[in-house]
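Q: Starting off with a structure, shown below.
The values are calculated or read from the model by the stated rules, or taken from the named source; none is laboratory data. Quick caveat: nothing in here was measured; it's all calculated off a predicted structure. Ideal geometry is used to build each Cβ from the backbone, glycine not excepted, and the neighbour counts take in all protein chains shown.
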Amino acid sequence: MSSEQIKPQAELKRVIGPITAVAVIVGSIIGGGIFKKPQVIAQNIQHFDVAMLAWVIVGVLTLFGSLALAELIAMRPRAGGNYVFLKEGYGPIWGFLWGWVEFWILRAGSTAALATISIESINEIFKASHGLDTWEQKWATIAMIACLGLVNSVGVRWSGFVQNLTTWLKVGALICILFLPFFFGEASVQNLIAPGPAPKAGLLVGFGAALLSVNWAYRGWMNLSPLGGELKDPQKYVPRVLFWGIGFVMLIYIAVNIAYAFVLSQNEIAQSNHVVAVTFIRKLFSVYGSGIDKFAVGIISVAIAISAMGSLNADILVGPRTYYALGRDGLFPKFLGRVHQGFNTPALAILAQAFWAIILVLGADIMRESPLENPFDTLTD
């Protein structure tokens, strides 16, 4: 992109309607968490009903937060979201600090983590024949981030199309999971009351660790606010989009966890050697032979990959709008505050976030606490 192609005074256009807005909310929240984090929760909470309490608590808090956020978006429907609210409410320093943490840790770390679990899920399909080694997975992860970065750079409509497609595919996969235990006649109420392993850190610390994992699964609920400058008629539909979108996710999360528990005990979930959704599918299909079992695992692995990719696309769509606003206000480098003349996107801010996320992918091995820690857990922690 040459300097002649970039028009510093260009503005973002209001092209995001309610359907894409719902897809951003639902697609941002439902990523890898509902497929992977139940294992961490079962390792820290012994009883299923207490585990469900953690999901409900974080869900209700998220819903309350979204209602407050809806009011702020309606009042200040501009690019930047939380940065704008903090700057105008408390002063530029607090907006700058939010943007600083968003770029270096929150958004880029999430981008790296979601790309990682997406590639890990795809690799699960090929493990039996020729799976990717560690470095091949890293390069594939980097390629995914780079490709989605380019897609988001060339226009909001393209990124919106990807967001809508991945969101409704992942919702369809989760609805299928809800009905599988009953379809195969494998729903066992006994699993709901059988205790799992006692948490090593104690009840209180274990519950806190579980809340942290659930919080990751609900992350993304604030992703509509940075798009305030591109929402059509935000005062009219933003409150409804947030309320119904997050309420729907909360119900799906509770129902999917119950479906897991109908098939897998807390002990089986805690000791799973795979993503919980994969263990769930294997237990249901293993009796039908290795061919059908592998096919079913392949399908759920693709669903997990698509789910994580949808959240990844949302991060790449949303995050750079904050850096764009900071750049326009002179609190970040000025080039981040430019809108591409042809694409009408903050293309340089998008590519900057993608570049830093790639660095985090490459550096995940340095940050992990033990040689056996999964890169996804390292990045989310």
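Q: Taking the range 187-214 only, how many residues are of a type outside the set (A, V, I, L, M) and surrounded by fewer than 16 Cβ atoms within 10 Å (Cβ to Cβ)?
A: 7
Q: Which residue pairs have Cβ atoms under 6 Å apart, sit 6 or more places apart or on different chains, and have a first residue in the range 165-191 that is more than 15 Å from Gly32 (Cα to Cα) and a second that is of a type outside the set (A, V, I, L, M, F, W, C)?
A: Close Cβ pairs satisfying both conditions: Ala187/Pro181; Asn191/Ser265.
Q: Please give the number of the condition Gln46 fails out of (1) outside any helix (DSSP H, G or I); (2) over 30 Å from Ile258 (Cβ atoms).
A: (2)
Q: Out of (1) in a helix (DSSP H, G or I); (2) aliphatic (A, V, I, L, M); (3) surrounded by fewer than 22 Cβ atoms within 10 Å (Cβ to Cβ); (4) modelled with pLDDT of 85 or more, what's the single condition that is false for Leu331?
A: Against the list (1) in a helix (DSSP H, G or I); (2) aliphatic (A, V, I, L, M); (3) surrounded by fewer than 22 Cβ atoms within 10 Å (Cβ to Cβ); (4) modelled with pLDDT of 85 or more, Leu331 comes up short only on (1).
Q: Also: From Thr345, Thr322, grab the single residue that is at pLDDT 85 or above, buried (at least 24 other Cβ atoms within 10 Å of the Cβ) and in a helix (DSSP H, G or I).
A: That would be Thr322, the only listed residue that is at pLDDT 85 or above, buried (at least 24 other Cβ atoms within 10 Å of the Cβ) and in a helix (DSSP H, G or I).
Yes/no matrix, rows are residues, columns are (1) surrounded by fewer than 22 Cβ atoms within 10 Å (Cβ to Cβ); (2) of a type in the set (Val, Ile, Thr); (3) free of Cβ contacts under 8 Å to residues at least 24 places away in the same chain; (4) in contact with a Leu (Cβ under 9 Å, 6 or more places away or on another chain):
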| position | (1), (2), (3), (4) |
| --- | --- |
| Val24 | no, yes, no, yes |
| Leu53 | yes, no, yes, no |
| Ile57 | yes, yes, no, yes |
| Gly65 | yes, no, no, no |
| Asn82 | yes, no, no, yes |
| Phe96 | yes, no, no, yes |
| Val101 | yes, yes, yes, no |
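Q: Of the conditions (1) of a type in the set (A, V, I, L, M, F, W, C); (2) in contact (Cβ under 8 Å) with a residue 40 or more places away in the chain; (3) farther than 23 Å from Val154 by Cβ, Phe295 clears all except one; give me its number.
A: If we test Phe295 against (1) of a type in the set (A, V, I, L, M, F, W, C); (2) in contact (Cβ under 8 Å) with a residue 40 or more places away in the chain; (3) farther than 23 Å from Val154 by Cβ, just (2) comes out false.
Q: Run down Gly33, Gly109 and say which single residue is within 23 Å of Ile175 (Cα to Cα) and under 17 Å from the mean Cα position of the chain (by Cα).
A: Among Gly33, Gly109, only Gly33 is within 23 Å of Ile175 (Cα to Cα) and under 17 Å from the mean Cα position of the chain (by Cα).
Q: Any residue at all in the range 34-56 that is small (Gly, Ala, Ser), out of contact with any Gly (no Cβ under 6 Å at 6 or more places or on another chain) and more than 26 Å from Ala308 (Cβ to Cβ)?
A: No, the range 34-56 contains no residue that is small (Gly, Ala, Ser), out of contact with any Gly (no Cβ under 6 Å at 6 or more places or on another chain) and more than 26 Å from Ala308 (Cβ to Cβ).
Q: Something else now. Would you say Val238 is over 17 Å from Thr167 (Cβ atoms), of a type in the set (A, V, I, L, M, F, W, C) and crowded, with 19+ Cβ neighbours inside 10 Å?
A: yes
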